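Scroll down for the structure; my scribbles are underneath it.
Laboratory data are not the source of any read-out in this text; all were calculated from the coordinates shown. Computed from a prediction, not measured in an experiment: that's the story for all the values here. Cβ sites come from the backbone with ideal geometry, for glycine too, and all protein chains shown count toward neighbours.
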Number of protein chains: 2
Amino acid sequence: MTAGEDPASAGGRAGTLRELGERGLIERVRRRLGPPGPGVVVGIGDDAAVVAVGDRTLLLTTDTLIEGVHFRRQTATLRDIGAKALAVNVSDIAAMGGEPRWALLALALPPDLPVTDVDELYAGLGETAAQQGVSLIGGDTCAAPAGLVLGITVVGEVQGAPLRRTGARPGDVLLVTGTLGGAAAGLAVLEGGMGSAPPDAVDAVCRAHRRPTPRVAEGRAILASGVATAMIDLSDGLATDLGHLLEESGVGAEVRLADLPIAPATRAVARARGVDVVHWAVSGGEDYELLFTADGPHAAALARDVSAKTGTPVRIVGEIGPATRGLRFLDATGRRHAVRAGFDHFA
Amino acid sequence: MTAGEDPASAGGRAGTLRELGERGLIERVRRRLGPPGPGVVVGIGDDAAVVAVGDRTLLLTTDTLIEGVHFRRQTATLRDIGAKALAVNVSDIAAMGGEPRWALLALALPPDLPVTDVDELYAGLGETAAQQGVSLIGGDTCAAPAGLVLGITVVGEVQGAPLRRTGARPGDVLLVTGTLGGAAAGLAVLEGGMGSAPPDAVDAVCRAHRRPTPRVAEGRAILASGVATAMIDLSDGLATDLGHLLEESGVGAEVRLADLPIAPATRAVARARGVDVVHWAVSGGEDYELLFTADGPHAAALARDVSAKTGTPVRIVGEIGPATRGLRFLDATGRRHAVRAGFDHFA
C-alpha cells in the first residue's frame, strides 16, 4: 500500500472509489486503522509490512492478481502468469532489502479449467520459487466462475532495519537498477503486434513483460551498504512510484530523462512503433526494478559496488531536492518535460 | 488446504477441475511441490502452515473470498462481510491452537462502490481485529470490475507444537465446541425468508451465519491440555471436515447424531421450515466451531476444563476407530444414518 493525497479530500465524503482514487483510499484506510499494534515495525504504507518476531525481523506482502485486470490468458501462458505472480510479490520483499522465505497461494479457478492448465500455473509458480529460494507452504483453492484469481502472500526476512520509502533527503542522489520501459514495450507488442520490430528485440521485451526478475540480491546489497536512504520497487512506473517515495519522504526530485537506462531492444521496438521510448521508461509499469536514494558523496561507489556484486547495471538518474520543488523531469537540454499522470487503479 | 483422494486418480490426466475435484487438486499440488523447505514445520495440508522463526513458531493462513461465491451483498452488509472474512481466517489459527497476531488484506473493489461502503467493510474488519487482538498491517488495493474480492492473510503464533489434523488414534474420543447447524439455518433464512420461525430464533441463526466467532481461547486451552491429539475447524461442515481429519490421521470414526450440540434457535428454525435439523448440523458449513480428538480416558475432564475456562460448551460426540470402519453416523437407536457427501468447490 502507498499513501499520499490531500488529507482534506481524503477525509471528506467522496462519493465513489473512482472519485476518491487509489491513494485517497489508502490514506483513508491508514487514518482509520490508527497506530499499529505490538510487534509491528512498519504497518500500512510501504512495499511490505515489517514485524518483529523474537530477535528476527519479518517482511510480509500480499497481492491479488485478477484475470482481465492484471493479466489476460490471450497474451500470457498460465506458466508465465504463475511465475510472474510470485515474482512481483518477491519484488516487494526485495524493495525493502529482504530475502523471500515462504509463500502462500490462494487460488480461485474456473471449474472448467483443464487440469493441465493448473499444472502449468503451478509449474510457473514453482520456477520462481526455485529461483528465489521460496517454499510454497500453503494456501487455499476455490471455484471462481468469473475467471482466475491468484492471491499470493510472501514472507521474507531482513537483516537489521529494512529500507523504507521514508528516508530520502535533499542532497541525496536517485538511482535505479537494470533498465526501464521493457515491460511496457513487451505489453505493446503482445497487445498490438510486433509490426516491423526486429524479432530479437521483440523476444527480449516480451520476456521482460512476462518474466520480470525481482532484484533480491541487488536490494540486499543496497541495504547492506549503509548509505542508501530509501527504496521502492517499480511496479506502476517510475513517475508513479517515485511520486510515492517522494511523498513518503517529504521531498522533491529532478530526474534527467537522458540518463534513464533503456535497453537497445526497448528502443528498437519503440522506433518500430513510432513511440517515444521515454514515455515507456517513465510511465510504463511492471519493470520491477529498484528505485533508491543514497547519500550523494557515496552514490557512485554504491552503484559500482552493487553492480559488481550482482552483475546488474545501476544508474544515477537524478537528485532529491526539497518538497517545494515537486517532481520534475528534465530533457537533455535541462528543460522541464511534461509527464503523464501515474496509474490509478480506480481512475 | 486439505488432502485426500485416490492417488491413482489424482495422479492421472483428469480433464477439468470439475472432474478432478477440490481434494484431487490439492493432493496433486502437494505431490508436485515436493518436501517443504527450510524452516517449514507444516506445509500444505492443514488449517495453517507452520514455520519456525528463531525460537518462535508462526502459523500462516490465507483465504480469498469472492463476491457471488463466498458472499452476496443481498444477504450480508459490507460490515458483516469484512468482520466474517477476517474471522474465518482467524479460525484457521485457532484450529491449530494458536493466537492471531497480524493480518494483511488484499482488496479488489468495484470502482463505482460508494466510499461509505468501503468504510463499512473496514469497520467490520476492524471489529474482528479489535476483538481478536489482531493488527491490520498492510495489503493492497486494486479495481475489480466483476465484484468484490477479499484476500486475507493472518499470521499467528503458537506455544510449542501446534495441534494438527494428523494425530487422531483409534480409542480417542471426538469432541466439538459450541453448537452446530446455526450458520446453515441462518443462510436458509437469509436466502429463503423466515416463514413461521420465531423472530428471536431467526435473529440468533442470522447472527450465527453473519458473525461467526473463531474459537481462539478454546483452541489454546485444548492445545495446552496436552491430551488432545488432532484438531480442525468446521468450515465446510462436520461430514466434510471430519473426513479431512480422518484421512490425514489414517483412522475412521463413529458419530452419534443424538449427541450433536444444536442450539434451540436452530431447532426452532428447522421445525418452521420442515427441515431435518441434523442435516444442517452434519452437512451445513460455516459454523467455525472446533472439532478435535483426545485420549479417551482424559476426554471428559478436558471437555469440562475447556468449558470452564472459556464459557463455551464442549461436547463428546463420538469415537475414533480404525480406518477400515470409515466414517459412520449413528442415529439414536444405533443404526447407521446416510449422510450427504461433503462440499466440493469444483463439483
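Structural remarks
- Loop-located trypsin sites (Lys or Arg not before Pro) in the range A:292-332 whose Cβ has at most 13 other Cβ within 10 Å (DSSP): none
- Inter-copy label distances at A:Pro38, using a point 7 Å along Cα-to-Cβ, come to 3.0 nm with the shortest given first.
- Fraction of antiparallel bridges per DSSP, the range A:43-158 only, in percent to nearest 5: 75 percent
- Peptide B:20-27 shows a mean partner chain C-beta count of 3 within 10 Å per residue C-beta.
- Look at the Cα gyration tensor of the range B:119-239: its axes a ≥ b ≥ c give a/c of at least 1.5 with a/b at or below b/c, and that counts as oblate.
- Equivalent ellipsoid semi-axes, the range B:38-158, via Cα gyration tensor eigenvalues times 5, rooted, Å: 28, 14, 12
- Within the range B:102-169, the percentage of alpha carbon pairs spaced more than 20 angstrom apart rounds to 43%.
- Long-range amide H partners of A:Phe329 with built H, under 5 Å: A:Val255, A:His337
- Near A:Thr166, once Lys and Arg are set to +1 and Asp and Glu to -1 for all other residues with Cβ below 10 Å from its Cβ, the sum equals -1.
- Dimensions of the protein assembly as shown from C-alpha coordinates, computed as largest minus smallest value along each principal axis and given longest first, are 92, 54, 46 Å.
- In terms of overall dimensions, the C-alpha atoms belonging to chain B reach 57, 56, 48 Å along their principal axes, ordered largest to smallest.
- Among beta bridges identified by DSSP and lying wholly in chain B, the antiparallel ones come to about 80 percent.
- Seen from every direction in turn and averaged, the convex hull around the alpha carbons of the range A:173-330 projects onto 8.7 nm².
- Pseudo-label separations to other copies for A:Ala308 - Cα-to-Cβ vector, 7 Å, nm: 7.0
- Dipole moment magnitude, nearest 20 debye, chain A about Cα centre, only Lys, Arg, Asp, Glu C-beta charged: 620 debye
- Note on A:Glu191 and B:Arg73: with the Förster distance fixed at 30 Å, the Cβ-Cβ geometry gives a FRET efficiency of about 0.35.
- With both residues required to sit in the protein assembly as shown, DSSP beta bridges show an antiparallel share near 80%.
- Cβ neighbours within 10 Å from other chains - mean over B:115-122: 5
- Proximity of backbone amide H atoms, modeled 1.01 Å from N, is registered between A:Ala106 and A:Asp140, A:Gly151, A:Ile152, A:Thr153 at under 5 Å, excluding neighbours fewer than 5 places apart on the same chain.
- Placing a label point 7 Å from Cα along the Cα-to-Cβ axis, A:Asp276 is separated from the same position in the other copies by 7.3 nm, shortest listed first.
- Scanning chain B for long hydrophobic helices, with DSSP H runs required to stretch 20 angstrom or more by C-alpha along their axis and to average at least -1.0 on the Kyte-Doolittle scale, returns B:78-94, B:115-132, B:296-310.
- Largest GNM mean-square fluctuation across B:Thr177, B:Thr153, B:Thr141, computed for chain B with C-alpha springs under 10 Å, falls on B:Thr141.
- Helix-derived mean residue ellipticity, 222 nm - over chain A, DSSP H n ≥ 4, -39500 (n - 2.57), to 500: -11500 deg cm²/dmol
- Under the Karplus curve 6.51 cos²θ - 1.76 cosθ + 1.60, θ = phi - 60°, whole-Hz ³J(HN,Hα) for the range B:143-160, x wherever Gly or Pro sits: 7, 9, x, 8, x, 4, 10, 10, x, 10, 10, 10, 10, x, 10, 10, 8, x
- Bridgeable lysines around A:Lys84 (alpha carbons under 27 Å apart, same-chain partners fewer than 8 residues away excluded): A:Lys309.
- Those trypsin sites (Lys or Arg not before Pro) in the range A:24-132 that DSSP places in a loop and that have at most 15 other beta carbons within 10 Å: A:Arg72, A:Arg73
- Most mobile of B:Gly124, B:Gly139, B:Gly178 in a GNM of chain B (Cα contacts under 10 Å): B:Gly139
- 10 Å Cβ neighbours from other chains, averaged over peptide A:93-106: 3
- Amide H contacts of B:Ala143: B:Leu109, each under 5 Å away and 5 or more positions distant or on a separate chain (H built 1.01 Å from N in the peptide plane; Pro and chain starts excluded).
- Distance cut-off 18 Å, percentage of C-alpha pairs in the range A:272-331 lying past it: 53 percent
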